[in-house]
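Chemist: The following block contains the structure, expressed as structure tokens.
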Amino acid sequence: MILLIGAPTLLIYVAILSITLVKLESAAKRNIETEMTRFAANLAARFDGEFREVKTVADTTADFLRAVPDVTIDQIFAQLEANVLQNGAIYGAAMAFEPGSFPTEMPRFSPYVYRNGNVIERMFITEEQYDWYLDPQWTWWALPKQENKGIWTEPYFDEGAGNVLMVTYSAPFYRDGEFRGVTTVDIMLDSIEAHIGRRIIGDQDFAIVSMDGHYIYRPNNQNILGETMQDRLEDSNRDDMAMLESQILSGEPGIVILPEVSLVPGQKPETRWLFHAPIESTDWVLLTGISEAEALFAVHRAGALAGLALGGALVLIIIAIWRVSLRISRPVEQLTETVHSIAMGNFDASIDDVGSQDEIGILARSVNTMSRELRSHITRLAHEQAEREKIERDLNLAREIQTGLLPKEPPVVPGFEIGGWNRPADKTGGDYFDLLTLPNQKTLFALADVTGHGVGPALIAAVFRAYLRAAALGAHDALTQVLAIVNRFICADTPVEKFVTAAIGVLDPTTHTAELASGGQAPLLFFEAATGEVHNWNAENVPFGVVDDWVFEPPRTVKFAPGDMLVLATDGFFEWMNGSHELFGTQRVIDYVRTNHALPTEKFIDGLHKAVRKHGGGTLQGDDLTIILIRRRLND
């Protein structure tokens, strides 16, 4: 009779515990795969943000050279030094000119600055170092010239110039539509970990590969040149290596499980969960992972504890089946219900009265310990969520303050329609616009873009606004005098690596004219109603905060006929990319202005915003959006 009672009880107990553990392990593995894939995509997005910051330095410099082509050697070196100091990850920066496009006797003219300890060194990369113009191995010159776009190189040793292992972002610049040269920023391979990776991923190992499988970075960069991910995968002797490689380089985040493989030199071969995600702006792929033992440690530990408890229970049941059979039914039922409740998400569930020292007591205490640890983990997650919500509230408050600095309503200017709009990429942004009626009844208008976006650039934008308003209201009639005052203050009070591009003007409704000047802000679009032509003007001055004694060019005089319209917009409109990395571009904005120039200002701005979002095809807003419209009424 005792065997008839004890045996079925034991079988039920074993079955329930086994099923629960299997379900827990299966669910845990799925959750780990999902969370780690999401985590890898988040890491890749943060790496992408860091590389975009570096890329923007070269792109902005290329825009500057297109807008202000006639620069001196001293101005070139000053700009390059400012570029290096903008970001701690930047090792060096260069400008290389097409032979004959810069007035110099050097056959190869390429000013270069780089870090040497705490000192910024200057030099020229000439044929004495290497012939970057004719030798195709120097892809930082050859590829952007050939493809007419900015490119990231694969790793190389810059012997004779930087003399370190590095990767380079190179952006082409033009004059009158003709290729003139490239401007570059270099990142030393060791800096990818020291200045970027360690801040994002801590001490965890990671690697970066190009879309053709070549390593861009991995731990222990020795012998990295020419090494591919395929070389490491082939060591595992698997038949599906081509499929795994294709999955990793597909451009989609995901996970592959690699048995007995080492992806970096010196790493012990073991089964690893490898997570991959694309770094969008570079066409590179981030790889990181953990061993399967680490991933499943908690699951295996819980299974081992449960197995140990089960083994003890079996021994005790065999020795004293008659005692256990009398006491086992109720504890097993309570244990089963508690484990099931925990599996369903009730982490407050526990087993009462576990003072006994038999196998059921041991198992009950193990379950209670597991329940407490899970509850503690959930509490910690709730606390972290509360902290994130606090940060979110603070950022919302900062956004409200920044929004409060923007004009509430456009000023009423006889004979003109004026509109302005701003949307930051983050909670706060580095763009702003201003519309201010001056004591002489003229209207000051300004549109500015601080490098980067977030809280720091937002503070600089607020300071720029205060300086501009103070200078404009300080009885300074000459616009160039106002701009010079603001530039000196910005140079003195902001970090060297930050600068501001801005278009600033003064509208006189009595003469239907405006004075307009630009410091690095372009393009400036003007629709001429009589001809239907859209004029595209470049900036005539360097950005604010770059050269403190810059002498500003006389402002452009803009004459408004009825229906004429001035459009000022920041690069967030022009540089919004779709999934194929194609920019919305200046021409699409010009076409939109020509087609929709008669719309009311609010509908014009809303339509342009919808047009760039449609072009993006669901891609996230990557930069702040700001626009000002000034149009003379037709019936004036």
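Chemist: Give me the Kirkwood hydrodynamic radius of the stretch 101-185, using the inverse of the mean 1/r over all pairs of distinct Cα atoms, in Å to one decimal.
Modeler: On the way: mean 1/r = 0.0731 Å⁻¹.
For the stretch 101-185, inverting the mean 1/r across all distinct Cα pairs yields 13.7 Å.
Chemist: Would you mind putting 613-621, 34-42 in packing order, based on average other-beta-carbon counts within 10 Å, highest first?
Modeler: Details: 613-621: 13.2, 34-42: 15.6.
The peptides rank, most packed first, as 34-42, 613-621.
Chemist: In whole Å, what are the Cα extents of the stretch 159-219 along the three principal axes, biggest one first?
Modeler: For the stretch 159-219, the Cα extents along the three principal axes come out at 48, 28, 21 Å.
Chemist: For the stretch 585-602, what does the Karplus curve 6.51 cos²θ - 1.76 cosθ + 1.60, with θ = phi - 60°, yield as ³J(HN,Hα) per residue in whole Hz, taken in order and with x for Gly and Pro?
Modeler: For the stretch 585-602, the Karplus-derived couplings read x, 5, 5, 5, 5, 4, 4, 5, 4, 4, 7, 10, 4, 8, 5, x, 4, 5 Hz, x marking Gly and Pro.
Chemist: Based on alpha-carbon positions alone, could you give the equivalent ellipsoid semi-axes of the stretch 527-636 from the gyration tensor, as √(5λ), descending, whole Å? Could you put the intermediate results ahead of the total?
Modeler: Values: eigenvalues 122, 106, 25 Å².
Taking √(5λ) for each eigenvalue gives 25, 23, 11 Å, largest first.
Chemist: What are the principal axis extents of the Cα atoms in the stretch 439-502, in Å, biggest first?
Modeler: Its Cα atoms span 35, 19, 15 Å along the three principal axes.
Chemist: Let me ask something else about it. Under 17 Å from a label point 7 Å along Cα→Cβ of Glu528: give me every residue in the stretch 619-636 with its amide N that close.
Modeler: Of the residues in the stretch 619-636, 632 have backbone N under 17 Å from the label point off Glu528.
Chemist: Now for a separate question. List the pair-distance distribution P(r) of the stretch 502-551, using every Cα-Cα distance, as the percent of pairs falling in each 5 Å bin from 0 up to the bin containing the longest distance, rounded to whole percents.
Modeler: 5, 18, 20, 22, 19, 9, 5, 2, 0
Chemist: At R0 = 35 Å, how high is the FRET efficiency between Glu294 and Ser580 if r is their beta carbon distance? Nearest 0.05 is fine. Before the final figure, lay out the partial values.
Modeler: Details: r = 38 Å, r/R0 = 1.08.
Efficiency, rounded to the nearest 0.05: 0.40.
Chemist: Say each of His340 and His535 gets a label point 7 Å from the Cα, pointing the same way as Cα to Cβ; how far apart are those two points in nm?
Modeler: Between His340 and His535, the simple spin-label model gives 8.1 nm.
Chemist: Dividing the Cα radius of gyration by the Kirkwood radius, what Rg/Rh value follows for the stretch 408-516?
Modeler: Taking Rh as the inverse mean 1/r over Cα pairs, Rg/Rh reads 0.98.
Chemist: Moving on. Order the peptides 408-421, 72-85, 459-472 from the highest to the lowest mean number of other Cβ atoms within 10 Å of their residues.
Modeler: So the order, starting with the most tightly packed, is 459-472, 72-85, 408-421.
Chemist: Just name one of Pro155, Leu143, Asn118: the one whose Cα is farthest towards the positive end of the charge dipole of the stretch 107-181 (beta-carbon charges, Lys/Arg +1, Asp/Glu -1).
Modeler: Farthest along the dipole direction, towards plus: Asn118.
Chemist: I'd like the distance separating the alpha-carbon centroids of the stretch 471-500 and the stretch 142-196, in whole Å.
Modeler: 33 Å
Chemist: Across the Cα atoms of the stretch 23-181, what radius of gyration and what greatest pairwise Cα-Cα distance (Dmax) are found, in Å?
Modeler: Using the Cα atoms of the stretch 23-181, the pair Rg, Dmax is 19.7, 76 Å.
Chemist: Place a +1 charge on the Cβ of each Lys and Arg in the stretch 446-499 and a -1 charge on the Cβ of each Asp and Glu, then give the dipole magnitude about the Cα centre in debye, rounded to the nearest 20.
Modeler: On the way: 4 positive and 4 negative charges, 17 e Å.
Computed about the Cα centre, the dipole is about 80 debye.
Chemist: Follow-up question, since we're still on this one. Go ahead and collect, in residue order, the members of the stretch 280-296 whose backbone nitrogen is under 15 Å from a label point 7 Å along the Cα-Cβ direction of Val22.
Modeler: none
Rule-based calculations on the coordinates, nothing more; no lab input. The structure displayed is predicted, hence computed values, not measured ones. Using ideal geometry, Cβ is built from the backbone for each residue, glycine included, and neighbour counts are taken over all protein chains shown.
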